[in-house]
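Taken together, the values in this text are just the output of simple stated rules run on the coordinates, not laboratory data. In this text the structure is predicted, and so the values were computed from the model without any measurement. Heads up, the Cβs are rebuilt from the backbone with ideal geometry, glycines too, and the neighbour counts pull from every protein chain shown.
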């Protein structure tokens, strides 16, 4: 278990808030432009969120709950975008978010899945 569990969780929730904020502002920052980049950004954002929370919630049942919550968040954000008048609802964004969550679960089963513990061991000796 992480020695710094509460700060790790706080950073995760800050990241969730950042994703929601960037999803709802009128003109989110553009990093690069190429066809489909927004879907890649969706998948990457939700994948990294899932990977992050998988480090705190290591049991399968816990990860299923995190999976459901992040997919629900991705769906809810799309509906919220539709109400803004300046952002658009897209089913493909919801799909990209869900694919990202699944990728995050897969990444968590690799060496990336305990990177938080490795960082703690390295810097908190």
If only one of 110, 92 is loosely packed, with under 12 Cβ neighbours inside 10 Å, more than 11 Å from the chain's Cα centre (by Cα) and farther than 25 Å from residue 6 by Cβ, which one is it?
110
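Yes or no: residue 64 within 11 Å of the chain's Cα centre (by Cα) and either more than 30 Å from residue 124 (Cα to Cα) or not in a helix (DSSP H, G or I) (or both)? Give the derivation first.
On the way: within 11 Å of the chain's Cα centre (by Cα): no; either more than 30 Å from residue 124 (Cα to Cα) or not in a helix (DSSP H, G or I) (or both): yes.
Criteria not met by residue 64.
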Between a first residue in the range 1-24 that is free of Cβ contacts under 8 Å to residues at least 40 places away in the same chain and a second residue that is surrounded by fewer than 15 Cβ atoms within 10 Å (Cβ to Cβ), which pairs have beta carbons less than 8 Å apart while being 6 or more apart in sequence or on different chains?
22/28; 22/29
Which condition number in (1) surrounded by fewer than 15 Cβ atoms within 10 Å (Cβ to Cβ); (2) in contact with a helix residue (DSSP H, G or I) (Cβ under 8 Å, 6 or more places away or on another chain); (3) not in a loop (DSSP other than H, G, I, E, B) is the one that residue 49 fails?
(1)
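Quick check on residue 77: is it farther than 22 Å from residue 6 by Cβ, buried (at least 18 other Cβ atoms within 10 Å of the Cβ) and in contact (Cβ under 8 Å) with a residue 12 or more places away in the chain?
Values: farther than 22 Å from residue 6 by Cβ: yes; buried (at least 18 other Cβ atoms within 10 Å of the Cβ): yes; in contact (Cβ under 8 Å) with a residue 12 or more places away in the chain: yes.
So residue 77 passes the test.
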